[in-house]
1. How about the range 193-212: which of its residues are crowded, with 17+ Cβ neighbours inside 10 Å and either farther than 25 Å from Ala282 by Cα or at pLDDT below 65 (or both)?
2. Can you tell me which residue within the range 432-450, out of those that are over 26 Å from the mean Cα position of the chain (by Cα) and more than 15 Å from Leu367 (Cα to Cα), is most open to solvent (accessible area, probe 1.4 Å)?
3. Just for helices (runs of 4 or more DSSP H) wholly inside the range 1-61: which have at least 2 residues that are in contact (Cβ under 8 Å) with a residue 12 or more places away in the chain and not small (Gly, Ala, Ser)?
4. Out of the range 382-412, which residues are open to solvent by 30 Å² or more (accessible area, probe 1.4 Å) and in contact with a Phe, Trp or Tyr (Cβ under 8 Å, 6 or more places away or on another chain)?
5. Say we look at the range 33-50 and pick out the residues that are under 34 Å from the mean Cα position of the chain (by Cα) and open to solvent by 40 Å² or more (accessible area, probe 1.4 Å); which of these is nearest to Thr99 (Cα to Cα)?
6. Would you confirm, using the coordinates I've provided, whether Gly423 is among the small types (Gly, Ala, Ser) and farther than 19 Å from Pro466 by Cβ?
7. Residues Leu74, Leu144: which one is buried (at least 19 other Cβ atoms within 10 Å of the Cβ), within 44 Å of the chain's Cα centre (by Cα) and at pLDDT 85 or above?
8. For the structure I just gave you, tell me whether Ser69 is closer than 19 Å to Val110 by Cβ and loosely packed, with under 15 Cβ neighbours inside 10 Å.
Amino acid sequence: MLFRSIGDAVVATDRDGLIHLANPVAEAFVGGTLVGQPIGEALPLIAEGTGRPIEDPVRRVLAADQVISFSERLELRPRGAGARAVTLTGAPVRTADGTVSGAVLVLRDVTEARRVEEGLARIQKLETVQVLAAGIAHDFNNLLAGIAGYTSLAAILIPPDSPAQDKLNKADRAIERGRGLTAQLLTFSRGGDPMRSRVDPRALLKDATGLALRGLGGRCDWDVPDDLWAVHADPAQLGQVIQNLVINANQAMPNGGKLEIRARNVEASPGPLAAGRYVEFAVRDEGVGIPAENLARIFDPFFTTKPQGTGLGLAVCFSIVQKHGGHIEASSTPGRGTTFRFWLPAYDRDQDDDGDEHSLPPGGCVLILDDDATFRTVLTEMVRALGLGVVAVGSGQEALQALERQKFALLIFDLTLPGGPGGVETLATARQRGVTTPAVVSSGYSDDDALAEPARYGFSGALRKPFDLPMLRAELRRVVG
């Protein structure tokens, strides 16, 4: 009764490895009877990751003549049953006179524990990548911000009909692709909510799809109406969703096929969302499809069926869409393709986030705080191009000293300053000293809470690097207004 009640798989063999006893758990592992079968055929064990069969466990137990625990990470792969990760312990079986008559083996199913262990290892690796990605993206954004600033300054110095304007436009498009790369890096870094603005989804669909398919080939059919409503979204994060879905669709068609991109205006209550005005996006492929048993798990973090996949792409899509107040779902027919649909709230006409009706105060002076000397220089020139005076400093202490010396119309503070207080801390100190000047936070760490919710930290606006002169002008007008 005790033998049958043990929760691990237990088998007993003779000296030749022939199974004489097996409890119900052991037989459930293989889905059949074990008694009378050789241990190697009935319970084939391999080294995890290599697929190499392990040495006869009964022979190893008899040679050791004592209880042993097998140190290898093992997988049990019986015929006609699913593989499972196991640990193995063995001991010799002795008769009353001490003679060794065989061996007893205990196999414990550790599949779920191994999955949790691997998940924790992935999380630790992900946290390392998050820190690295955020740092790289910050530095890269500073470089892009300098380039974007100088190209936008050059554009206003060159006659509109100059051939050089076309070259500057191409440079701007390259900068946009750079923004897309940093957005992908920041997918792995943790931070605040989306930085929403009025976004034209038609242009974003074209750009994001083109970037995702560059060099991959494939045919893409469009069904995107000219009167598609704008959405209230973070363009970098929305572009990441589209790119992930397009890349997935392309990978699902290894032998080629048609990719369809569709969008339409809807006034309904899609999925769990409340009734309202939404823009529906759809990405459809003619690929291998998703089995029904996997369809419910595709948005789970770390769930993947790809050998080299991370299981993060669709989880990121789900998180971004949800943070935007939207909904995403998938439908699939194995062998015929998959369709991903997601809905985002349409832009509210009453939300005025472009601020174009406001004007900047002529002759006002702006205080710039940024540790990057190159970016300080280009931002100084951009602000001067708007007809404003500038004082630019590289540390929080210098910014506080400047605020004691003179009055400013506006403050532009970098978020992170290595080796000293950043923009948030410096502004908090200034506010405690009675400074009420409007402030704008600026950073290449575009996933920080201060960028998503500037008012919470005492700022009136936010600028995500890299930004150009028109973007700077629009945000300063909005803040001054």
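1. Within the range 193-212, none qualify.
2. Restricting attention to the range 432-450, the residues satisfying the condition of being over 26 Å from the mean Cα position of the chain (by Cα) are 432-440.
Now drop any that are not more than 15 Å from Leu367 (Cα to Cα), which leaves 432-434.
Details: Gln432: 156, Arg433: 137, Gly434: 55 Å².
In this case the residue turns out to be Gln432.
3. Numbers: elements: 2-5, 24-30, 39-42.
By residue number, 2-5, 24-30.
4. Val391
5. Just the residues of the range 33-50 that are under 34 Å from the mean Cα position of the chain (by Cα), to begin with: 47-50.
Right, trim to open to solvent by 40 Å² or more (accessible area, probe 1.4 Å) and you get 48-50.
Working: Glu48: 34, Gly49: 38, Thr50: 37 Å.
Among those that are under 34 Å from the mean Cα position of the chain (by Cα) and open to solvent by 40 Å² or more (accessible area, probe 1.4 Å), it is Glu48.
6. Details: among the small types (Gly, Ala, Ser): yes; farther than 19 Å from Pro466 by Cβ: no.
Against the criterion (among the small types (Gly, Ala, Ser) and farther than 19 Å from Pro466 by Cβ), Gly423 does not qualify.
7. Numbers: Leu144 fails: at pLDDT 85 or above.
Only one candidate qualifies: Leu74.
8. On the way: closer than 19 Å to Val110 by Cβ: yes; loosely packed, with under 15 Cβ neighbours inside 10 Å: yes.
Yes, satisfied.
The values are calculated or read from the model by the stated rules, or taken from the named source; none is laboratory data. Since the model is a prediction, treat every value here as computed from it, not as a measurement. Heads up, the Cβs are rebuilt from the backbone with ideal geometry, glycines too, and the neighbour counts pull from every protein chain shown. Remember, those area values only see protein heavy atoms, side chains included, never the ligands or the DNA or RNA. Shrake-Rupley method; radii C 1.70, N 1.55, O 1.52, S 1.80 Å.
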